[in-house]
Amino acid sequence: MCDVAPPRGVGRDAGGNMVTHKFAVGQAVFFSPDRHQEHTKGARFKIVRLLPETANALQYRVKSETDGHERVVREDQLAR
């Protein structure tokens with residue numbers, strides 16, 4: 001059997017099941033950083049790009065609506 005990469009916007013969970021990104025490109029979200037990250041909790045960002053899964057977490061490229069800086073974040077750090 002050949003492993004084929006899932007389509008963009010799709011990843012796999014720990015059980016190997018397909019999972020999709022919860023948020024869409026262009027959607028406004030709130031970012032909650034990890035404790036060691038310096039950033040204002042609850043800052044608004046816009047989804048710029050869906051990224052592949054890394055370390056069992058779907059990722060996104062987001063852009064700050066305040067200062068325009070972009071960063072890569074995990075899905076569990078975002079909320080509607």
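Consider GLY11 carefully, then state whether it is surrounded by 15 or more Cβ atoms within 10 Å (Cβ to Cβ) and modelled with pLDDT under 95.
Criteria met by GLY11.
For segment 48-80: of the residues being farther than 15 Å from LYS22 by Cβ and among the hydrophobic types (A, V, I, L, M, F, W, C), which is most open to solvent (accessible area, probe 1.4 Å)?
That would be ALA55.
The values are calculated or read from the model by the stated rules, or taken from the named source; none is laboratory data. If you're wondering where the values come from, they're calculated on a predicted model, not measured in any experiment. Cβ coordinates were reconstructed from backbone atoms using ideal geometry, including for glycine residues, and neighbour counts include every protein chain displayed. Remember, those area values only see protein heavy atoms, side chains included, never the ligands or the DNA or RNA. Shrake-Rupley method; radii C 1.70, N 1.55, O 1.52, S 1.80 Å.
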